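Report on one structure; see the data block that follows.
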Amino acid sequence: MGDLEGRVCLVTGAARGLGLASATKMAEAGASVMIADVLDEPGEASAAALREAGHTVSYHHCDVGEKAEVEALIATCVATFGRLDGAFNNAGINHGAAFLDFAEEDFDRIIKVNLKGTFLVGQAVARQMVAQGEGGAIVNMSSVNAVMAIPEIAAYNASKGGVNQITKTMSLALAPHKIRVNAIGPGSIDSDMLRSVNNDPAAMARVMSRTPLGRIGEAEEIGDLATYLLSDRSSYITGQVIYIDGGRLAMNYTC
């Protein structure tokens, strides 16, 4: 039996990338998984592939920055699987621009998905868990950029700093309900965001220069950590941000 046997887990932003890798790890650990995204074609295809592999997985469209869509997602999850025991707030976007040129609409768009979406999904998930009366676990996606700033990604920096604070707030508010809340702060992980860098030797050399372990992380490593944090093996961990960054923050190297 896996660590999540009999549990129902939700993963947002799970049509591909880190979210899909995490949903896969949770399914392999025995969970029934609802994956959510705005990318319907890859989302449906990913869910179908996981079902073909023998897992219990469903897909639902959801823009995490829209309250009505989030509430519909939770209702669909419960209608499909009967309950909700764990959630990974993974959905996130980024945009790069010089600070003086950063457009208001881009700032608003990133905050809406990364920070407001984490709040809306976290609140809706927690309400369902409180109604069930059996506790649960929530994981939010943060970043090393929550605590260190890169000047070209102002909104992303701000959103992930906010995720760290909402994680702490949620952990305190929900502890009486036996709901644990933690966050994962990735460094350089093999993902869609990083793949454009992979093709630029100079850019990749910069990534390696700020990564003491000398390699980029794998999406599956994020999935392993998320699965652990949703399982009973982490039953005394709450209110924490766990950085999975190859040693980058220890080096304190920002550029």
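The table below gives the values:
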read-out	value
Region 21-57: number of residues that are farther than 14 Å from LEU230 by Cα and not in a helix (DSSP H, G or I)	11
Some residue of region 243-250 being of a type outside the set (Val, Ile, Thr), at pLDDT 95 or above and under 30 Å from GLU5 (Cα atoms)	yes
Residues satisfying the stated conditions in region 79-94, i.e. crowded, with 16+ Cβ neighbours inside 10 Å and in a loop (DSSP other than H, G, I, E, B)	ARG83, LEU84, ASP85, ASN90, ALA91, GLY92, ILE93, ASN94
Qualifying residue in region 69-80 (condition: in contact with a helix residue (DSSP H, G or I) (Cβ under 7 Å, 6 or more places away or on another chain), over 20 Å from ALA15 (Cβ atoms) and either at pLDDT 95 or above or among the acidic types (Asp, Glu) (or both))	yes
Hits in region 102-127 - residues which are closer than 14 Å to ASN140 by Cα and small (Gly, Ala, Ser)	GLY117, GLY122, ALA124, ALA126
Residue within region 96-109 that is buried (at least 20 other Cβ atoms within 10 Å of the Cβ) and part of a helix (DSSP H, G or I) present	no
Close pairs from region 61-78: first farther than 14 Å from VAL125 by Cβ and in contact (Cβ under 8 Å) with a residue 12 or more places away in the chain, partner assigned to a helix (DSSP H, G or I) and of a type in the set (Gly, Ala, Ser), Cβ under 7 Å, at least 6 apart	GLY65/GLY117
Scope region 5-31; condition farther than 17 Å from GLY92 by Cα and crowded, with 24+ Cβ neighbours inside 10 Å; matching residues	CYS9, THR24, LYS25, MET26, ALA27, ALA31
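Residues are listed down the side, and each one gets a yes or a no for (1) at pLDDT below 95; (2) on the phi < 0 side of the Ramachandran plot; (3) over 17 Å from the mean Cα position of the chain (by Cα):
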| residue | (1), (2), (3) |
| --- | --- |
| GLY13 | no, no, no |
| GLY30 | no, no, yes |
| LEU39 | no, yes, no |
| ALA47 | no, yes, yes |
| TYR59 | no, yes, no |
| ASP63 | no, yes, no |
| ASP85 | no, yes, no |
| ILE110 | no, yes, no |
| ASN114 | no, yes, no |
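The values are calculated or read from the model by the stated rules, or taken from the named source; none is laboratory data. Note that this is a predicted model, so its numbers are computed, not measured. Neighbour counts run over all protein chains shown; Cβ positions are idealised from the backbone, glycine included.
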